[in-house]
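Below is one structure; the comments refer to it alone.
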Amino acid sequence: MFGRLRRKQKTEESAKKTGAAWKRVLGGIFSRSAIDDEFWEELEEALIVSDVGVETTMELVDLLRKDIDEKDLKEPEEVRQALRDRIVGTFTRLTDDDPLPDEQPTVLLVVGVNGAGKTTSIAKIAQTAKSEGRNVLLAAADTFRAGAIEQLKIWGSRLDIPVIAQNAGGDPGAVAFDAMSAAKARGNDLVIIDTAGRLHTKHNLMQELQKVRRIVDREGEGYLKRVLLVIDGNTGQNGLAQAKAFTEAVQCDGVMLTKLDSTARGGIALAIAGELGLPVWFAGTGEKVDDMSEFDPEGFANAILPESVTS
């Protein structure tokens with residue numbers, strides 16, 4: 001489904017704010033005169049401040065130290081380029097699979113906390129899929145919020161895509177069941193299911209999500225099952241905690257990073273990829289329904305570590 005999403009320049013353009021912040025934090029480090037202990041301490045601190053997280057930061061620094069020995073790097077600017085390559089590598093080694101392959105019917109279970117941009121992200125994916133010839137069905141399984149049901153219905157009406165829904169307070173599992181039954185009867189080849197997004201610390205939410213996942217697995221014979229985690233790029237390390245909780249509950253397959261155009265740090269993308277091994281599939285690049293693209297590691301790296309940090 002990446003035909004219209006292969007707008008790789010969109011990732012770089014949308015990450016400009018992130019790039020400006022990284023330049024302020026990292027610029028002085030790579031203009032130092034030597035690669036000494038102080039250099040490494042400042043680099044570690046800068047990466048952690050940029051939301052890369054302690055574990056991923058330590059891994060990157062260890063790899064950079066190996067690069068210095070193996071490639072005989074002498075200057076801090078050479079370390080900057082090595083860091084850029086390592087960042088690209090962190091993402092690209094996880095992005096082999098097409099999240100929504102055209103040749104296979106797919107059910108996409110979309111999870112994430114309220115406010116992350118989940119429902120809008122669903123609309124963006126649905127619009128792109130429909131424009132590429134997919135027969136899309138939406139399901140409003142966030143039954144705990146009447147507003148979420150109505151919002152998805154409004155998007156469905158705007159995009160001329162059917163929505164399976166029940167009244168607020170209904171059983172999310174029943175909505176998932178109805179959606180899969182309808183999809184098989186109508187021949188829908190892409191089913192996108194919205195789910196509840198109350199605080200990830202609520203254990204009952206995770207139980208509900210697990211139930212929905214079991215129903216999708218049971219009723220979705222012939223469909224490829226994918227779980228997409230929607231993360232607000234501004235959430236910082238709380239986003240990593242969310243990613244861990246949702247992945248433990250329903251085995252997430254990939255990430256949609258929203259508000260990339262408005263986040264000043266953006267390192268959470270690296271933390272999620274590095275610590276959880278989750279590929280970032282999509283990036284939200286604006287507020288309009290077509291403002292999304294395939295996440296491009298090279299474009300992201302170009303934004304946060306351009307050819308010259310000091311330029």
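A short reminder: the numbers here are calculations on the coordinates, not readings from a lab. Only a predicted model underlies this, so the values are computations on that prediction, with no experimental measurement involved. Glycine gets a Cβ as well: all are built from the backbone with ideal geometry, and neighbour counts include every protein chain shown.
A few remarks follow.
- Beta bridges per DSSP, both residues in the chain: antiparallel share near 10 percent.
- The ranking of Ser31, Ser293 from fewest to most other beta carbons within 10 Å of each one's beta carbon is Ser31, Ser293.
- Computed extension length for Lys211-Lys16: 66.2 nm, one decimal, from 0.36 nm per residue of separation with the Cα-Cα distance subtracted.
- Ellipticity estimate at 222 nm from DSSP helix runs (n ≥ 4, -39,500 (n - 2.57)) divided over the chain, nearest 500: -16000 deg cm²/dmol
- Modelled spin labels at Ser31 and Lys184, positioned 7 Å past Cα toward Cβ, are 6.4 nm from each other.
- Spin-label pair Glu221-Arg24: with each label point 7 Å from Cα along the Cα-Cβ axis, the two points sit 5.8 nm from one another.
- Förster radius 35 Å - calculated FRET efficiency between Asn135 and Val54, Cβ distance, rounded to 0.05: 0.20
- Entry note, the stretch 131-281: relative contact order of 20 percent, from Cα contacts under 8 Å with a spacing of 6+ residues.
- Sorting the segments 294-306, 55-67 by their mean number of nearby beta carbons within 10 angstrom, highest to lowest, gives 294-306, 55-67.
- Antiparallel beta bridges, as assigned by DSSP with both residues in the stretch 217-295, represent about 25 percent of the total such bridges.
- Subtracting the Cα-Cα distance of Asp290 and Asp160 from their residue separation scaled by 0.36 nm leaves 45.3 nm.
- Spin-label pair Lys66/Asp98, simplified geometry with 7 Å Cα→Cβ offset, distance in nm: 3.3
- What the Kirkwood sum gives for the chain is a hydrodynamic radius of 20.1 Å, with every pair of different alpha carbons counted.
- Between the alpha-carbon centres of the stretch 158-174 and the stretch 246-308 there is a gap of 28 Å.
- Overall form of the stretch 26-65 per C-alpha gyration tensor (a/c, 1.5; a/b vs b/c): oblate
- Remark on Asp232: its backbone amide H falls under 5 Å from those of Thr258, a criterion applied only to residues 5 or more positions apart or on other chains, H modelled at 1.01 Å from N.
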